[in-house]
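These notes concern the structure reproduced below.
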Amino acid sequence: MTRFACGVAGSLVVAGSVAALSQGSSQPDRVALRADAPGVVSRGAEIYATHCASCHGADLEGQADWQTRGPDGRLPAPPHDASGHTWHHDADTLFRLTKYGVARMIGDPDYASNMPAYEDVLTDDDIVAVLRYIKSTWPEEIRAMHDDREPRE
């Protein structure tokens, strides 16, 4: 399966899980990620450096062989730059994945992942700031595609 097909297939599975998770959530119905808020993006870069870069890389490059499970059965941290699949996911999915972690998001408490849940670590505004920072690093054409998935105000 190609990298793009893997990303699309994963997006569909995760997106279905997001719908189930969003019921009863205290989160806003839709999260919008605008990459054009310099103060928020700057704060997001600082939070990313503190909480995310140790796994996802200082330059958002992810870990080596991020699409291949390791001996422990877990996937390495994916890149958040244009070479990864982050931009294939809508903002709601990215927000909930970061806040709740993979296992809770997909409804499988036994799913093993090195991605922690940040629900008790970062505020919702902090999570959005990090995601806005990540999005701000993508090439314009990828940001435009991602913008098409954003809720309209």
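All conditions but one from (1) modelled with pLDDT under 95; (2) assigned to a loop (DSSP other than H, G, I, E, B); (3) within 17 Å of ASP81 (Cα to Cα) apply to SER26; the one that does not is (3).
The set of residues in segment 36-72 that are on the phi > 0 side of the Ramachandran plot and touching a helix residue (DSSP H, G or I) at 6+ places or on another chain (Cβ under 9 Å) comprises LEU60, GLY62.
Residue count for segment 43-73, restricted to those that are surrounded by 14 or more Cβ atoms within 10 Å (Cβ to Cβ) and over 15 Å from ILE134 (Cα atoms): 3. Is there a residue in segment 80-90 that is closer than 17 Å to ALA37 by Cβ, crowded, with 18+ Cβ neighbours inside 10 Å and either β-branched (Val, Ile, Thr) or touching a helix residue (DSSP H, G or I) at 6+ places or on another chain (Cβ under 7 Å) (or both)? No, segment 80-90 contains no residue that is closer than 17 Å to ALA37 by Cβ, crowded, with 18+ Cβ neighbours inside 10 Å and either β-branched (Val, Ile, Thr) or touching a helix residue (DSSP H, G or I) at 6+ places or on another chain (Cβ under 7 Å) (or both).
Scanning segment 48-75 for residues that are touching a residue at least 24 places away in the same chain (Cβ under 8 Å) and within 14 Å of the chain's Cα centre (by Cα) yields TYR48, HIS51, CYS52, CYS55, HIS56, LEU60.
The values are calculated or read from the model by the stated rules, or taken from the named source; none is laboratory data. Treat the numbers as computed from the prediction; the structure is a model and nothing was measured. Glycine also receives a Cβ, built like all others from the backbone with ideal geometry; neighbour counts cover every protein chain displayed.
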